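Participant: I have a structure here, written as structure tokens, and I will follow up with some questions on it.
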Protein chains: 2
Amino acid sequence: MEFNLTESIQILGKTPYVISDILKDLPDTWIKTNEGGDTWSPYDIVGHLVHGEKTDWISRTLIILSEVTDKTFEPFDRFAQFKNSKGKTLDKLLNEFCQLRSENLQKLKAFKIDEQALMKTGVHPEFGPVTLKQLLSAWVVHDLGHINQITRVMAKNYKIEAGPWPKYLAVLQDKL
Amino acid sequence: MEFNLTESIQILGKTPYVISDILKDLPDTWIKTNEGGDTWSPYDIVGHLVHGEKTDWISRTLIILSEVTDKTFEPFDRFAQFKNSKGKTLDKLLNEFCQLRSENLQKLKAFKIDEQALMKTGVHPEFGPVTLKQLLSAWVVHDLGHINQITRVMAKNYKIEAGPWPKYLAVLQDKL
């Protein structure tokens, strides 16, 4: 499938509502349980998405569309949420995510991005030159990937209780 | 985690809204694209969930809680949606799913299921004896598994467009 800006904005706009629908009003056992070890709970994932709104996707879009000479992105901190979410309820994080996402999509629309702008590049600290189109596609996949992860983490809570069924429940066999 | 009926009903009640939020108003390219071969598109998955409401989870709960001597479940038809969804829009299927799920959860609540009832058994055509607790746990995992599948199927649409990012987007490496 080819990248489509309008459809991408539509999907990105849905994510905070989808994740709120999944998690809202559930007890902490469902929100704070992870897949073991240093894996992430749904609560950790929402914190990670909040941090992405503050430092990742739109900041990198801005760099690509700017006229600065050094277009190297700041490395993204994948563990920032463990510090930044401290003391915040899930509701607070979800509201923050909704608000920031809405503001960021307004900014994205205001750029009036055309085909030419989509081919502009920035420099990823690891990948090297990447286009705006690749960055925005990755943003969409990243959102869907974290909804995917939240449902997998939750599903695993009933792996034992489901008795013989896990054989036919592929989500329980997925790797991390 | 131990099975909890109230929490399970809460999660089961969310699913139609979560899936509607993800899919509503998206163009057919996102709704009808699958992972290749005979895999399922989001549209196929919603049809499968509708069929499950009609013939699977509540029907099997009824058998377990009934006084009939032969408590063997009917085998579930995993391909019924390819016939039953024909000619139906996604919106129609989503409305049907919402409606049936709501009715089925009303029935589930009306059974006034206690700890003793949760240990009652029925006979799965392949697994043999299974408890009501295992059936209801599997229902929750099954829901989460299909939200998981829908987001994975959608994410793969941008696998090429995301350029070098798929290396860090685990959802694109997941097996079917």
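Participant: Under a point spin-label approximation (7 Å from Cα along Cα-to-Cβ), what is the B:Gln116-B:Thr39 distance to one decimal in nm?
Facilitator: 4.8
Participant: What is the Cα coordinate range of the protein assembly as shown on the first, second and third principal axes, sorted by size from largest, in whole angstrom?
Facilitator: Dimensions of the protein assembly as shown along the principal axes of its Cα atoms: 79, 48, 29 Å.
Participant: Give me a single rounded figure for B:21-30: the average over its residues of other chain Cβ atoms within 10 Å of their Cβ.
Facilitator: Across the residues of B:21-30, the mean count of other-chain Cβ atoms within 10 Å is 4.
Participant: For segment B:92-176, run through the trypsin sites (Lys or Arg not before Pro) and keep only the ones in DSSP coil with at most 10 other Cβ atoms within 10 Å of their Cβ.
Facilitator: Passing both the DSSP loop test and the Cβ count: B:Lys112, B:Lys175.
Participant: Here's a follow-up. Distance cut-off 21 Å, Cα to Cα: go down the list B:Lys32/B:Lys92; A:Lys159/B:Lys54; B:Lys24/B:Lys156 and report the pairs above it.
Facilitator: A:Lys159/B:Lys54
Participant: Tabulate in residue order the Karplus-calculated ³J(HN,Hα) for segment A:40-45, using 6.51 cos²θ - 1.76 cosθ + 1.60 with θ = phi - 60°, rounded to whole Hz; enter x for Gly and Pro.
Facilitator: So the Karplus estimates, Gly and Pro as x, are 9, 8, x, 4, 4, 5 Hz.
Participant: Mind giving me the FRET efficiency for A:Lys107 and A:Asp77? R0 is 22 Å, r the Cβ-Cβ distance, nearest 0.05 is fine.
Facilitator: With a Förster radius of 22 Å, E is 0.55.
Participant: Compute the Kirkwood hydrodynamic radius of chain A, taking the inverse of the mean of 1/r over all pairs of distinct Cα atoms, and give it in Å to one decimal.
Facilitator: Across chain A, the inverse of the average 1/r is 17.6 Å.
Participant: Can you tell me the FRET efficiency between A:Met1 and A:Thr55 if r is taken as the Cβ-Cβ distance and R0 is 30 Å, rounded to the nearest 0.05? Present the calculation step by step, with values, prior to reporting the outcome.
Facilitator: On the way: r = 28 Å, r/R0 = 0.94.
That gives a FRET efficiency of 0.60.
We did not get these values from a lab; they are worked out from the coordinates using the rules stated. On a predicted model such as this, the values are computed, not experimentally measured, just so you know. With ideal geometry, Cβ positions are generated from the backbone for all residues, glycine too; neighbour counts draw on all protein chains shown.
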